[in-house]
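Novice: This structure is in structure tokens; I'll ask about it shortly.
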Amino acid sequence: MSFYEDRVLPHLINIACSSKPNRKQRDKVVPLATGEVLEIGFGSGLNLPFYDAQKVAKIWALEPSEGMRRKARPMVDASKVDVEFIDLPAETIPLEAGSVDTVVVTYSLCTIPDALTALEGMRQVLKPGGRLLFCEHGIAPDENVRRWQRRVNPAWGRISGGCNINRDIPGLLQSSGFELVVDERMYLPGMKILSYNYWGIARAAD
Ligand SMILES: C[S@@+](CC[C@H](N)C(=O)[O-])C[C@H]1O[C@@H](n2cnc3c(N)ncnc32)[C@H](O)[C@@H]1O
């Protein structure tokens, strides 16, 4: 791992993901988490203040990057909720099938190399009736914005740790066996190629 990936990128990601619009988005989904929670791509722990400590028993914080886990450590130490790191990628979730009540994934499906395999794993670890809470940026609805997303995506991925700006988030969720129970979408303030957000609640399809 390069110095940029280990030391610089965690700092940049933390800043990029801390904006006021992003915080508003987190507040729409994270407080809905209950019971045993698996958070995918825990990053620097920016969702932690949004969990309802009365409703959450434990958070499994899956984050493969040591630099991101290091950045998250102060938030974890200050948290009222029991947090345990899993230092593996989301394509290999080590929890038992049917063992968690809630999976939380925010601004990570863009970066996970094999998002479909990761989502299938998330579906498997959910208890029957368990919920996936998601908030992601992705492909825009307007063709002129999509064209720029296609152009910029390769260069963006190289400086951002592999982030893709044009993933079809609802399509990935449905292809991996989820149905969307709550499906919200809009542009956040900012550059349109980076800011089209998808958020809501998904459950394993019957
Ligand atoms: C843009 S950051 C978002 C972090 C956090 N979820 C948030 O909302 O602030 C994307 C995160 O996905 C993580 N990531 C990259 N590849 C991953 C993988 N294969 N499995 C799980 N997480 C991964 C990165 O290390 C990074 O922490």
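Novice: Among (1) out of contact with any Cys (no Cβ under 9 Å at 6 or more places or on another chain); (2) within 15 Å of the ligand (Cβ to nearest atom); (3) touching a residue at least 40 places away in the same chain (Cβ under 8 Å), which single condition is Thr106 missing?
Specialist: With (1) out of contact with any Cys (no Cβ under 9 Å at 6 or more places or on another chain); (2) within 15 Å of the ligand (Cβ to nearest atom); (3) touching a residue at least 40 places away in the same chain (Cβ under 8 Å) applied to Thr106, the lone miss is (1).
Novice: Please state which of the following conditions Ile169 fails to meet, knowing it meets all the rest: (1) at pLDDT 95 or above; (2) within 21 Å of Gly45 (Cα to Cα); (3) under 16 Å from the mean Cα position of the chain (by Cα).
Specialist: (2)
Novice: So how many residues does the stretch 1-57 have that are under 17 Å from Lys80 (Cα atoms), within 11 Å of the ligand (Cβ to nearest atom) and assigned to a helix (DSSP H, G or I)?
Specialist: Final tally of qualifying residues: 3.
Novice: Taking into account only those residues within the stretch 165-193 that are buried (at least 19 other Cβ atoms within 10 Å of the Cβ) and among the hydrophobic types (A, V, I, L, M, F, W, C), which is farthest from Gln124 (Cα to Cα)?
Specialist: Looking at residues that are buried (at least 19 other Cβ atoms within 10 Å of the Cβ) and among the hydrophobic types (A, V, I, L, M, F, W, C), I get Ile193.
Novice: In the stretch 49-66, which residues are surrounded by 22 or more Cβ atoms within 10 Å (Cβ to Cβ) and under 15 Å from Ser108 (Cβ atoms)?
Specialist: Selection gives Ile59, Trp60, Ala61, Leu62, Glu63, Ser65.
Rundown of residues vs (1) crowded, with 22+ Cβ neighbours inside 10 Å; (2) assigned to a strand (DSSP E or B); (3) at pLDDT 95 or above, yes/no style:
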site	(1), (2), (3)
Val105	yes, yes, yes
Leu109	yes, no, yes
Thr117	no, no, yes
Lys127	no, yes, yes
Leu133	yes, yes, yes
Arg150	no, no, yes
Asn153	no, no, yes
Gly157	no, no, yes
Cys163	no, no, yes
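Novice: If Ser79 satisfies every condition in (1) within 13 Å of the ligand (Cβ to nearest atom); (2) over 23 Å from Trp199 (Cα atoms); (3) surrounded by 14 or more Cβ atoms within 10 Å (Cβ to Cβ) but one, which is the exception?
Specialist: Here Ser79 meets the rest and fails (1).
Novice: So which pairs qualify, if the first residue must be in the stretch 75-96 and in contact (Cβ under 8 Å) with a residue 24 or more places away in the chain and β-branched (Val, Ile, Thr), the second must be surrounded by fewer than 18 Cβ atoms within 10 Å (Cβ to Cβ) and in a loop (DSSP other than H, G, I, E, B), the Cβ gap must be under 7 Å, and the two must be at least 6 apart or on different chains?
Specialist: Val81/Ala53; Ile86/Pro94
The values are calculated or read from the model by the stated rules, or taken from the named source; none is laboratory data. Since this is a predicted model, take the numbers as computed values, not measurements. Please note: Cβ atoms are built from the backbone with ideal geometry, for glycine as well, and neighbour counts cover all protein chains shown.
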